[in-house]
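Written out below as structure tokens is the structure these notes cover.
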Amino acid sequence: MNFQRLHQQRYHRPVKTQTPESKHWKGFKNPVFIKQHGQVTSVQFSPSPPHYYVVTASSRVQLYAPRTHKLLKDIGRFSDVARSGNIRHDGKLVVAGDDSGLIQIFDLQSRAILRKMEEHKQPVHITKFSPSGTQILSCSDDTTVKLWDIASGKPTVTFYDHSDYVRAGNFMPSDPNLILTGSYDSTVCLLDSRTGKAEMTLGSSAAGIAGVEDALPFPSGTLALSASGPIMRVWDLVSGGKCVKALSGHQKTITCLSFDGKANRVLTGGLDHLVKVYDVSSYKVVHTMRYSAPILCLAISPDDTHIAAGMSDGTFSIRCRPVKSSEPGSSLPELGELRSSNYEFFLDEIDALEELAPQPKGPPQLKDPHEFTLKMRRRGPRLALHDKLLKEYRYSEALDVVVQPTVRGELTFSLIMELIRRDGLRSALSGRDDVTLEPILRVVTKYIFDPTFGSVACGVAMMIIELYSGVLGQSPIIDSLLVRLLGMVGKELSFQRELRSVQGMVDMLMASSMLQNDEQSKLITK
């Protein structure tokens, strides 16, 4: 007769409803962690496929492949902390600044320095290519914002509208001549490169607004977001810069803002280790992600398949979402197209794609049909570890397996009920020391007031007290657990007494209402 595996009792549990929104964001899982030599100061995805991403940390600018997360290029041409690495839209150039005020432009293929710009005297926190790719925006701690001509390497416009560190800057998507900047002087400015002045100033230090960490314009150009302290504000640029929303979803300072690919959701990262996703139609939080350290930078790929975050402890995290075949861009790029395009220098990535390419299916092709012999052997059902121990009547060891913290309560109490049926629970609990008895007491304490497992847990607790009453007081761990259990039982008993008194009052009210109804019915019948 074959051994029958342990039958787990099935209990009805409340079903957790999962919205399509939460299902989408929970699809970003299996994060890859890359340890850097210093704080990760910025991350940015290339606008053009296959959306390589550039990371600045310590004095290095690094380029990674999105599918394999393999380091493709490592540029270490800075003598100070590098910041704000940014790839041009064609994927050929990258620009970055550092804490000495130096700005450098690199050729990604050869890693050669094409331009050096040294007019800033303090750290440069923002460097970005213009949408046309012919100019560079830089924002510095020297309170200036500069617009550079790449061909000459000279600044064409310098803005002096801020009075403190400038830590945020973006070109307006609707008009590249307009630049949105944010500063520690608590203001957000809309700068015009044609006039060299600020066309609009949002916020004021007199209003008690903290320094602006990041500023992000909407693609339509009618609204803008800013992060000041733990608050994200929404500004209406059409109505003269009126603040229409102020959202405080974080407990600590918000350090970065980022839109998803369609700009329907905005992601905020903060020093409270959290990334929150807001729906821009209602500005409600639709999802929250937790990280292991304060977040300094955040980016999501244009195709909404990767979320990258840099943290203060030097850890870089990249989360990926599997792409369905029905979604655009789900297929791998053709190797021939990669070799013939301007990405041909990514030889390591091409080799990785060749490894990922689908292999021909079917049985192996053998030269001699008698060379390969398939041997099949019938196997019985595989038994779990607790089933194997039950089969060998090792009840104590089987109980040790199912009282671990990672085991579900259904399995734990199914095995305990099986031991009761076999009259083996007493032998499984006997002869233990404080180390092996502690997990059982923790399980009993956890489930003793659970309506599903409470009666069985009470029986186990009574048997433990009966077996070990003579040796109590010899182990501080066991004594503390028993004292905790006693306190929980006392609270439950007082709660039950209160319920009984409430039940008595409710019974009196129900009885009096029934008497009144009977008297009214008698009067009606008369």
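The values are calculated or read from the model by the stated rules, or taken from the named source; none is laboratory data. Keep in mind the model is a prediction, meaning the values are calculated, not measured. Here Cβ is always computed from backbone atoms with ideal geometry, including for glycine, and neighbour counts include all displayed protein chains.
Hey, can you tell me all the residues within region 394-419 that are among the β-branched types (V, I, T) and either outside the structural domain of L467 (by TED's automatic domain parsing) or not in a helix (DSSP H, G or I) (or both)?
V403, T406, V407
Give the residues of region 505-521 that are small (G, A, S) and under 60 Å from the mean Cα position of the chain (by Cα), sorted by residue number.
Those that are small (G, A, S) and under 60 Å from the mean Cα position of the chain (by Cα): A511, S512, S513.
Given the structure, is R88 more than 20 Å from N170 (Cα to Cα) and touching a strand residue (DSSP E or B) at 6+ places or on another chain (Cβ under 6 Å)?
It is false that R88 is more than 20 Å from N170 (Cα to Cα) and touching a strand residue (DSSP E or B) at 6+ places or on another chain (Cβ under 6 Å).
In this structure, does G101 turn out to be closer than 28 Å to V145 by Cβ and either in the same structural domain as H120 (by TED's automatic domain parsing) or surrounded by fewer than 16 Cβ atoms within 10 Å (Cβ to Cβ) (or both)?
Yes, satisfied.
Look through region 42-59, keep the residues that are part of a loop (DSSP other than H, G, I, E, B) and polar (S, T, N, Q), and return whichever of them is nearest to the chain's Cα centre (by Cα).
S46
Check S513, S494 and return the single one that is of a type in the set (S, T, Y) and modelled with pLDDT of 85 or more.
S494
When residues of region 244-271 are filtered for being in contact (Cβ under 8 Å) with a residue 24 or more places away in the chain and either surrounded by fewer than 21 Cβ atoms within 10 Å (Cβ to Cβ) or outside the structural domain of K29 (by TED's automatic domain parsing) (or both), how many remain?
11
If you take just the strands (runs of 3 or more DSSP E) that sit entirely in region 119-221, which of them hold at least 3 residues that are within 24 Å of Q44 (Cα to Cα) and in the same structural domain as V266 (by TED's automatic domain parsing)?
In region 119-221, 124-129, 135-140, 145-149, 166-172, 175-183, 188-192, 212-217 are the strands (runs of 3 or more DSSP E) which contain 3 or more residues that are within 24 Å of Q44 (Cα to Cα) and in the same structural domain as V266 (by TED's automatic domain parsing).
Here are some residues: V506, V471, V460. Which one is within 30 Å of S430 (Cβ to Cβ) and modelled with pLDDT of 85 or more?
V460
State which residue pairs qualify: first residue at positive phi and inside region 99-125, second residue assigned to a loop (DSSP other than H, G, I, E, B) in any location, beta carbons under 7 Å apart, and separation of 6 or more residues or different chains.
Correct list of pairs: G101/E118; G101/H120; G101/K121; G101/Q122; G101/P123.
Somewhere in region 283-298, is a residue at positive phi and in contact with a strand residue (DSSP E or B) (Cβ under 9 Å, 6 or more places away or on another chain)?
yes
Just a yes or no: is a residue in region 101-111 among the charged types (D, E, K, R), part of a strand (DSSP E or B) and more than 24 Å from T134 (Cβ to Cβ)?
no
Please determine, by comparing only the residues of region 214-243 that are free of Cβ contacts under 8 Å to residues at least 40 places away in the same chain and among the small types (G, A, S), which one is farthest from S22 (Cα to Cα).
Here the answer is S239.
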